[in-house]
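Read-outs throughout are calculated quantities, based only on the coordinates presented, and are distinct from any laboratory measurement. Values in this document were obtained by computation on a predicted structure and should not be read as measured data. As a convention, Cβ positions derive from the backbone with ideal geometry for all residues, glycine included, and neighbour counts pool all protein chains shown.
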There are 2 protein chains.
Amino acid sequence: MNNVQQEFEETLKRIQSQNGVVGVIVVNNNGDLITSTLDNRSSVSHAEMIMKLADNAKGFVRNLDPSNELTVLRMGSKRREVLVAPGKDFIIIVLQKQNHKSFMKSIANSL
Amino acid sequence: MNNVQQEFEETLKRIQSQNGVVGVIVVNNNGDLITSTLDNRSSVSHAEMIMKLADNAKGFVRNLDPSNELTVLRMGSKRREVLVAPGKDFIIIVLQKQNHKSFMKSIANSL
C-alpha cells in the first residue's frame, strides 16, 4: 500500500469511527464505486442517487456565481443525516444516525 | 393581517436579520413563488433548481427508509451557504455568505 492509499484508508477509518456513523461510501467522479462499508447493492443505488443530487447542487451553486464551487451537501431527515463531500477525484458519502450530533457539529464548527 | 400571516412575516424577518443572510425565498410545494427578498428573475430561477434538488433529496432519504422524511438540505460552497427547509406547505430557502458561521452553528446545535 503506498502513502496515498494508506492516508485514504486512514481517513475512511477515522470517519467510520465517529459516533453514529452507519456507513461510508466512496465513488469516483464517474460514479464508479471505489469502496463502501455497506453491501454492494445499497452502495450502488445510493451512489447513483447521490451523483445526480451532487450534480444538481453543483449546478445550483454555479448558478449563484459561475466561479463558485460546491464543497459539501448535507441532508437531514427524521432518521438519518447524510453528508456528501465532493472532491477533485472522489465523492465521499457519509450516512449517520440522526441523533448523533457530534459529527455534524464538528463539521459546522470547521466551516 | 391574520395571526398566521403575522407569524410567517415575523419568522421571515427573524431569518433575514441573521448575520450574513443575503436572501430568503419561500415557495409553495407546487414551486410557485410566495415571497422573496431577491429580484423576481433570480428568485424564480433559484426556486426552480431548488425544487428539483429537494425532490431528489426527498427521494434519496425515502430510499434509505420509506418512512423517512427530509427535514433540511444544506449546501456549502466557496462563497455561499444555502439552507433549504421543506415544510408541509412551503419550502424556505435561505442564502447566506459563507464566512458567517453563526446561523449554521445554531442550526447544527438545534438538530
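Of note:
- Pairs exceeding a 25 Å alpha-carbon distance, out of A:Lys78/B:Lys88; A:Lys52/A:Lys78; B:Lys52/B:Lys78; A:Lys78/B:Lys97; A:Lys13/B:Lys52: A:Lys78/B:Lys97; A:Lys13/B:Lys52.
- Relative counts (whole %) of C-alpha pair distances in the range B:1-44, using bins that are 10 Å wide: 25, 50, 24
- Exercise: per-residue mean of other protein chain Cβ atoms within 10 Å, B:58-69: 5
- The largest-to-smallest principal axis extents of the Cα set in chain B are 37, 34, 29 Å.
- Projected label points at B:Asp55 and B:Phe8, each 7 Å from Cα along the beta carbon direction, are separated by 2.3 nanometres.
- Rounded to the nearest 500, the 222 nm mean residue ellipticity of chain B from helices alone is -14500 deg cm²/dmol, with -39,500 (n - 2.57) taken per DSSP H run of at least 4 residues.
- Cubic angstrom per residue, convex hull over Cα atoms of the range A:12-72: 100
- Inter-chain shielding of B:79-88 (mean C-beta neighbours from other protein chains, 10 Å cut-off): 3
- Long-range amide H partners of A:Gln98 with built H, under 5 Å: A:Arg80, A:Glu81
- Put the Cα centre of the range B:1-21 next to the Cα centre of the range A:1-67 and the gap is 37 Å.
- With the convex hull of the Cα atoms taken as the outline of the protein assembly as shown, the averaged projected area works out to 12.9 nm².
- Where GluC sites (Glu not before Pro) fall in DSSP loop in the range B:37-92, at most 13 other Cβ within 10 Å: B:Glu69
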